[in-house]
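Please treat every number below as a calculation from the coordinates, not as lab data. Predicted model, so just to flag it, every value in this text is computed and none were measured. We place every Cβ from the backbone using ideal geometry, glycine too, and count neighbours over all the protein chains shown.
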Amino acid sequence: MPLAAEPDDTHEEGEDQQLLLAKKGEPTLEGLVVGSYCHDVLIRGGRVVGETLGGAAAFVSNVLDAASPREAEQGEAPFVVVSKVGRDFAYASAPAPARRPPLLCASPTTSFHAQFSDAAASAHAPDRELRRVHACDPIYPADLPDRRFAYGLAVGVAGEVLPETLERMIRLCRAVLVDAQALIRAFDGDGAVGHVALEDTPYARLLPRVAFLKASSEEAPYVGVETARRRCCVIVTDGRDGCRLYWDGGEARVAPFPAVQVDPTGAGDSFLAGFAAGLLWGLSATDAALLGNFFGAAAVSQVGVPTFHPKMLQAVKEILEEKIAKRSSPCINGTTFTFDRSSVHDELHAALQEAARLMPEQQQADPTNGNCGDICSV
Ligand SMILES: Nc1ncnc2c1ncn2[C@@H]1O[C@H](COP(=O)(O)OP(=O)(O)O)[C@@H](O)[C@H]1O
Ligand SMILES: O=P([O-])([O-])O[C@@H]1[C@@H](O)[C@H](O)[C@@H](O)[C@H](O)[C@@H]1O
């Protein structure tokens, strides 16, 4: 694994402009995912019931690899992950970190304890209580590659995406999608995860330069949807009820896909990556959210980072190729987003629902991910 760089905040606006000009004309279809892999310990009734690879970067990579459009049949989806772990990192050979290795730090790998209660089965109870047990180093602007990207995903889990790092992502990427959990998490002395109002953070001033901000229904009150939607498109996910999009001048509800939930971990991350993949396919934001809901539902039906059945992925690809009459350029371009539901929205939902049947409800345990049995049956 490469060693992490020292903090360096010396990049200036002018330098970035030069960087962008110098790279003009080069293909810029690549994505940039920023957020650290982590260790998740799943606890139920005071007992450890699972130890898995976690961190939004792991779930996001998994879905982007599965669902991004590719020009060639072979090969990986084109995106870079900037993530940090310690020497204790236990999942270097799991698929996501093996393909896109994290930077190695002296501090321990970020680690979360997720406490599941029996109330998790009820419709709107919080799924879990999270406690950050270790925090790896933050990701500094100098850790990001010096080149342009078509899109960026800011997906921190433990405060590792610093405001200046998000600002640099915004400069490097044509469109940035942000998970609110990267911006508004606060940790008490015991590591318990709470939230602060986004408006009171240094991230707030960056919102007008963000394309999409995703928040869970628990996080939404801290985001302040009515204020935020005037600055960027806000997506509020609502577990088994799907999601809602709010933009300046409109809003839409997007229906969910049925799932048997065994572990809610990674649903939001998988949603965001599915949504980004939908945009890459040239879908409107409301249609792309169907792909977000699809992968969110797929995530909760397995423990840890899910494995997708190849037949299901093939079906999804065929559906997208068939339903999207004219695919726009397969890159996210901030100036050409459309938000409204298209005429194929309902057909797309029905076809994806069929494809979801090709996903066995609970795939076999994957020992490389530390997957185990059922965490929160309903
Ligand atoms: N039990 C479920 N059944 C079907 N889809 C789900 C379920 N839980 C989550 N999802 C999908 O995943 C998305 C994100 O889940 P949510 O629980 O809102 O996020 P988070 O993991 O951030 O709390 C939802 O919008 C939905 O599309
Ligand atoms: O479940 P979700 O909200 O999508 O995202 C989760 C984070 O909230 C959590 O901190 C982390 O430990 C998990 O691995 C996962 O990334």
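A few comments on the model shown:
- Reference-scaled alpha-carbon Rg (2.2 N^0.38 Å with N residues) for region 104-214: 1.18
- Karplus 3J(HN,Hα) series, Hz, for region 31-39 with 6.51 cos²θ - 1.76 cosθ + 1.60 (x for Gly, Pro): x, 10, 10, 10, x, 8, 5, 8, 9
- Whether region 142-279 is rounded, prolate or oblate, judged on the alpha carbon gyration tensor where a/c under 1.5 counts as rounded: rounded
- Sorted peptide list for 345-353, 30-38, 158-166, criterion being average Cβ within 10 angstrom, highest first: 30-38, 158-166, 345-353
- Placing dummy labels 7 Å off each Cα toward the beta-carbon, the span from D88 to S343 is 5.8 nm.
- Peptides ranked, highest mean first, by Cβ atoms within 10 Å: ranges 106-112, 142-148: 106-112, 142-148
- L313 versus R47: modelled label distance in nm, points set 7 Å from Cα along the beta carbon direction: 3.5
- Label-point separation, V196 to E321 (7 Å along Cα→Cβ), nm: 4.9
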